Amino acid sequence: MPQITINGEPYEFEKGETILQVAIRNGVEIPHYCWHPGLSVVASCRICLAEVWAPNPRNDNRLEPIPKLLPTCQTPCGEGQAVYTDSPKSIANQKAVMEYLLINHPVDCPVCDQAGECYLQDYSYQYGRGQSRFEEDKIKQPKKDLGPHVLLYSDRCIMCTRCVRFCREVTGTAEIVVEGRGSTEQIDVFPGIALANELSANVIDLCPVGALLDKDFLFQQRVWFLKKTPSIDGITASGDNISTEHNNGQGYRIKPRENLEVNKWWISDEIRYGWKFVHDEARLRLPAVRGEEPFEPAEAPVAYEAAYARAIELIGAAKKLALLASPMLSCEDTFHLAELVERSGRPSVMGVGPIPRSGEDRVFAGGYTIHAEKAPNARGVRRVLGCFDKSVREFDAFLGAIADADTVIVTGNYPSDWVTPKLVEALRGKKVILIDTLPTALVESADVLLPGATWVEKSGTFENAKGRLQAFFRAIEPIDYAKSEAQIAIDLLAAFESGEAAPPGELGAEAFDAARTRGALAARGLQDFVASVHVPEGHGKVEADMVLVDL
Ligand code: SF4
Ligand code: FES
């Protein structure tokens, strides 16, 4: 394989690869602003320039310096090239670029949301000169409201044009332009046209500095306090790879996680902001039993004991039991609920909850797809139910098939009210055990209500629209006294089989473990749950990198 050297170390390259790509692939840092793997190459920021020596065929292939520094983001590797990013000429360029970029920059890091994840800040430490020689007045540029999600602080912009290229090449909407020339040029939108495409907030992630900011996250949290947990889109069928960023049990933002086979570097605004129901004031927080006074938070163990007692009484008395498994549940939740129904020994019927859709699938210019299906796991739920009940029913067929069922376990976990009049009608006169997260018309009429946990609050597996199984991890603890559907089903089964209900933890019920459940799914013939689940690399708790000092 052909080789180049970077700062004296040899690296192999494939034909067509640029110097910067080889450096990144091998963990060698070359500073870069305008280059991004998902966008065209413009080589405009000039920070990645390096001194390159190349073999000269007219001089016995002896290495000779190329007179000008070359942009490593744009220069293809050539056999035998020697690249120096640490030579005096390269270092002088890096310092000059940094000085130039900071001439009109307000250096307002203490009040900038990007502080802590800003490449201007990082490169300033690594490649800058440490002090400014600029004594003239800085040019002040305005703040602009670009659209529903994005603010522009123009005076922090370094004109890398990543945002401009994103809107041309990935969304195909071209709302963002460079306006003006020289030191007064600015990023802008056309008059009357907001940055309102459905992927608009990706420009915030792309912006290497604090120029494009997220209105939703603005001044909410310092980024060095945030912990990242790898997760999967929990509200559409895309299976987009995301990170949930949180601190002290509260979610603050969702960011895309790079996966070239699924979502590349992008997510839709719907996925980025659609998780807010996790902290909805109206979340269901405590169990309830119809006919009993609502429980107080201090009585949570009593509430669970009463709710479990009533639920196992209903399951025990059922002549026919029905399970409606929501497509918002994980495969593991579905497994434990179906196992509860199977081990109750009652005749049963199982079905998949309603699958919300909105319009048609839409593919953007850069290939990103917004899925019309607004549930993360319809296929996974179907697949898991299928190993308990060969005739798993879709929602409408399920409603038709439960006429002779007297007890129904209903699960929701949708981000908004999902209960249809048809469902209310079909459940009339039946005993209902409801596990849900938000209030709906069923909450008042259910015989037993158990508060469920959203996908951010539990671990599990989703199967996306393309049949890809992907694991996600709990980012924060469930709100108040809510539990995952899997844990509720495990607790109920333990209570049912022992014949008594007790406060959680007193029946010896296992704590839910998603990996163990995947093993149980494989044991039932679904080998994919061991062999083919995609688990995020390097999953683990990422701690803040600040040293915490006890005062
Ligand atoms: S706003 Fe950000 S992404 Fe856009 S050109 Fe300026 S620095 Fe680059
Ligand atoms: S990253 Fe190479 S010129 Fe900008």
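The values are calculated or read from the model by the stated rules, or taken from the named source; none is laboratory data. It should be emphasised that the depicted structure is a prediction, and the values quoted were computed from it without experimental measurement. Using ideal geometry, Cβ is built from the backbone for each residue, glycine included, and neighbour counts are taken over all protein chains shown. Keep in mind that these areas ignore ligands, DNA and RNA; they rest on the heavy atoms of the full protein, side chains included. Shrake-Rupley method; radii C 1.70, N 1.55, O 1.52, S 1.80 Å.
Odds and ends about this structure:
- Listed residues CYS45, CYS109 arranged by accessible area, highest first, probe 1.4 Å: CYS109, CYS45
- Candidate aspartates and glutamates - alpha carbon under 16 Å from LYS68, same-chain residues fewer than 8 apart omitted: GLU51, ASP86
- For the stretch 3-99, the C-alpha radius of gyration sits at 1.03 times the compact-globule guess of 2.2 N^0.38 Å, with N the residue count.
- Spherically averaged projected area in nm², based on the convex hull that wraps the Cα atoms of the stretch 139-186: 3.5
- Those trypsin sites (Lys or Arg not before Pro) in the stretch 208-252 that DSSP places in a loop and that have at most 16 other beta carbons within 10 Å: LYS215, ARG222
- q = 0.23, 0.26 Å⁻¹, the stretch 281-364: log10 I(q)/I(0) [Debye, one scatterer per Cα]: -1.19, -1.21
- The ellipsoid equivalent to the alpha-carbon distribution of the stretch 120-165 has semi-axes of 25, 16, 9 angstrom, derived from the gyration tensor eigenvalues as √(5λ) and listed largest first.
- Charge tally around PHE295: other residues with Cβ under 11 Å, Lys/Arg +1 each, Asp/Glu -1 each, net -4.
- Relative to the dominant Cα principal axis of the chain, helix 514-523 is inclined by about 70°.
- In summary, the lysines within cross-link reach of LYS215, defined as a Cα separation below 25 angstrom excluding same-chain residues under 8 places away, comprise LYS140, LYS143, LYS144, LYS227, LYS228, LYS255, LYS264, LYS276, LYS374.
- Fraction in percent of alpha-carbon pairs per bin - 10 Å, the stretch 311-416: 15, 43, 27, 10, 4, 1
- Estimated translational D of the stretch 224-312 in µm²/s (Stokes, Kirkwood radius over Cα pairs; 25 °C; 0.890 mPa s): 156
- Equivalent-ellipsoid semi-axes for the stretch 103-219 (Cα gyration tensor, √(5λ), whole Å, largest first): 25, 16, 13.
- Accessible surface, the stretch 221-274, averaged per residue in Å² (probe 1.4 Å): 33
- Nearest-ten-degree value, helix 300-317 long axis tilted from longest Cα axis of the chain: 60
- Where the stretch 319-475 is the region considered: accessible area per residue in Å², 1.4 Å probe: 33
- Averaging 1/r over each pair of different alpha-carbon atoms in the stretch 288-531 and inverting the result gives 18.2 Å, the Kirkwood hydrodynamic radius.
- Over the stretch 103-219, relative contact order from alpha-carbon pairs under 8 Å, at least 6 apart, %: 32
- Given R0 = 22 Å, the distance between the Cβ atoms of CYS387 and ALA511 translates into a calculated FRET efficiency of 0.40.
- Using only alpha-carbon positions in the stretch 397-524, the gyration tensor eigenvalues give semi-axes of 25, 20, 16 Å once each is multiplied by 5 and square-rooted (largest first).
- Average accessible area per residue (Å²) across the stretch 3-99 - probe 1.4 Å, nucleic acids and ligands excluded: 49
- Here r is the Cβ-Cβ distance between GLN220 and ALA372 and R0 is 35 Å; the resulting FRET efficiency, rounded to 0.05, is 0.65.
- Relative contact order (%) - criterion: Cα under 8 Å, at least six apart; region: the chain: 12
- Size-normalised alpha-carbon gyration radius of the stretch 56-103, reference 2.2 N^0.38 Å: 1.42
- The Cα-based radius of gyration of the stretch 387-472, divided by its Kirkwood radius, gives an Rg/Rh of 0.99.
- The GluC sites (Glu not before Pro) of the stretch 321-397 that DSSP puts in a loop, and whose beta carbon has at most 11 other beta carbons within 10 Å, are GLU360.
- Debye-sum result for the stretch 169-269 in log10 I(q)/I(0), which assumes one identical scatterer on each alpha carbon, at q = 0.20, 0.22, 0.24 Å⁻¹: -1.15, -1.28, -1.40
- One compactness figure for the chain is 1.16, namely its Cα radius of gyration divided by 2.2 N^0.38 Å.
- Share of carbon and sulfur in the accessible heavy-atom surface of the chain [1.4 Å probe, %]: 51
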